[in-house]
Amino acid sequence: MFQGKNIIITGGSSGIGRGLALRLAEEGANLALVARDPEKLSRTREEILSHSSYSGSRVEIFSCDITEAEKVGQVMNNIAGEIGSPDYLFNSAGILIGDYFENLPRDNFQEMMNTNFFGTLHFIKAVLPHFKKKGSGHIINISSISGVIGVFGYASYCASKFAVVGLTEALRAELKPQGISVHLVLPPEVNTPMLAKVNQSRPIENKMLARTMSSLSVEQVVDVILKGVAKGRYLIIPGGRARIMSRLSQIFPSRARWVVDYTVRKNYRGPKE
Ligand SMILES: NC(=O)c1ccc[n+]([C@@H]2O[C@H](COP(=O)([O-])OP(=O)(O)OC[C@H]3O[C@@H](n4cnc5c(N)ncnc54)[C@H](OP(=O)(O)O)[C@@H]3O)[C@@H](O)[C@H]2O)c1
């Protein structure tokens, strides 16, 4: 399915994006990995090339801040020049800060929207002319279970990830007649550097809520994402508990809120005055 395909992965130097890169390289895809830190990108590239199951595909790296629309446009041209016209875009780059709403400055909301929402949007805008030209392509947006359920302590993250869900829903319908498939991924917690970092700052209520859904390994999540894309699934939710919570929030939203409220009530500390 992915052999010989040209695949862009934003956030390809770490966590889920890096996991996707390792697996897709094994399957013989040509990769363009995008992130800001060039050293992390180089390390990931070296790791892929030295892996025993490396298939000989191309792995190119592009340092780019996805919040800068103009830079994203330039990088897309470079990518097309280096690996050829893209077939898949995995939007995995993202950031997360967890804290009580009162402790999150306005700037944090701006930063979260700029990266998680507008970064995703900029890459879709840039890849679209390539997909339209050949009448095919796949866009895989990695939102979060926090994109469909309001999570205590994640006000700015939830806002940005709900925005990604709205964009993805609209694009699914709009791009389908043009032969372009859009996929929405809603992972629960995944053991990545992002999770390790947020563990240091997030409120206790958030930690307790997270325990109602078990966290997954990068390999598990990558497996579910790639199988879902290969089967043409629009909605891809790794993890049984996350699937149940997502369904519950759609069919019985008041029950889902009850689970959240019950867990928070039992563990409530609140922000320091
Ligand atoms: N881990 C979880 O529990 C979890 C759960 C649900 C959803 N997700 C989502 O899954 C995606 C991947 O998360 P992860 O856990 O793999 O995170 P991660 O390990 O922290 O990796 C994030 C990646 O995004 C890149 N990035 C961040 N800001 C960027 C920017 N402005 N421009 C370009 N690249 C940028 C980072 O590289 P640089 O810092 O070098 O730029 C890094 O490669 C995110 O969208 C996240 O919200 C994660």
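Confirm whether SER146 is of a type in the set (S, T, N, Q) and within 18 Å of SER246 (Cβ to Cβ). Against the criterion (of a type in the set (S, T, N, Q) and within 18 Å of SER246 (Cβ to Cβ)), SER146 qualifies.
When THR10, THR67, THR44 are checked against the criterion of being more than 16 Å from ILE139 (Cα to Cα), of a type in the set (Val, Ile, Thr), in contact with a helix residue (DSSP H, G or I) (Cβ under 7 Å, 6 or more places away or on another chain) and buried (at least 23 other Cβ atoms within 10 Å of the Cβ), THR44 stands alone in meeting it.
Given (1) surrounded by fewer than 21 Cβ atoms within 10 Å (Cβ to Cβ); (2) part of a helix (DSSP H, G or I); (3) of a type in the set (A, V, I, L, M); (4) at pLDDT below 95, identify the lone condition not met by MET213. MET213 satisfies all of (1) surrounded by fewer than 21 Cβ atoms within 10 Å (Cβ to Cβ); (2) part of a helix (DSSP H, G or I); (3) of a type in the set (A, V, I, L, M); (4) at pLDDT below 95 except (2). Looking across segment 222-234, the residues that are surrounded by 15 or more Cβ atoms within 10 Å (Cβ to Cβ) and either in contact with a helix residue (DSSP H, G or I) (Cβ under 7 Å, 6 or more places away or on another chain) or under 15 Å from ILE139 (Cβ atoms) (or both) come down to VAL222, ILE225, LEU226, GLY228, VAL229, ARG233. Of GLN74, GLN110, all but one fail to be under 30 Å from GLU205 (Cβ atoms), among the polar types (S, T, N, Q), more than 10 Å from the ligand (Cβ to nearest atom) and at pLDDT 95 or above; the exception is GLN110. Being crowded, with 20+ Cβ neighbours inside 10 Å, closer than 18 Å to ILE7 by Cβ and hydrophobic (A, V, I, L, M, F, W, C) is the filter here, so list the residues in segment 125-159 that pass it. The answer is ALA126, VAL127, PHE131, ILE139, ILE140, ILE142. More than 11 Å from the ligand (Cβ to nearest atom), modelled with pLDDT of 95 or more and β-branched (Val, Ile, Thr) - does that describe any residue in segment 164-172? Looking through segment 164-172, at least one residue is more than 11 Å from the ligand (Cβ to nearest atom), modelled with pLDDT of 95 or more and β-branched (Val, Ile, Thr).
The values are calculated or read from the model by the stated rules, or taken from the named source; none is laboratory data. Keep in mind that this is a model prediction, so the values were computed, not measured. Reconstructed Cβ throughout: ideal geometry from the backbone, glycine too, with neighbour counts over all protein chains shown.
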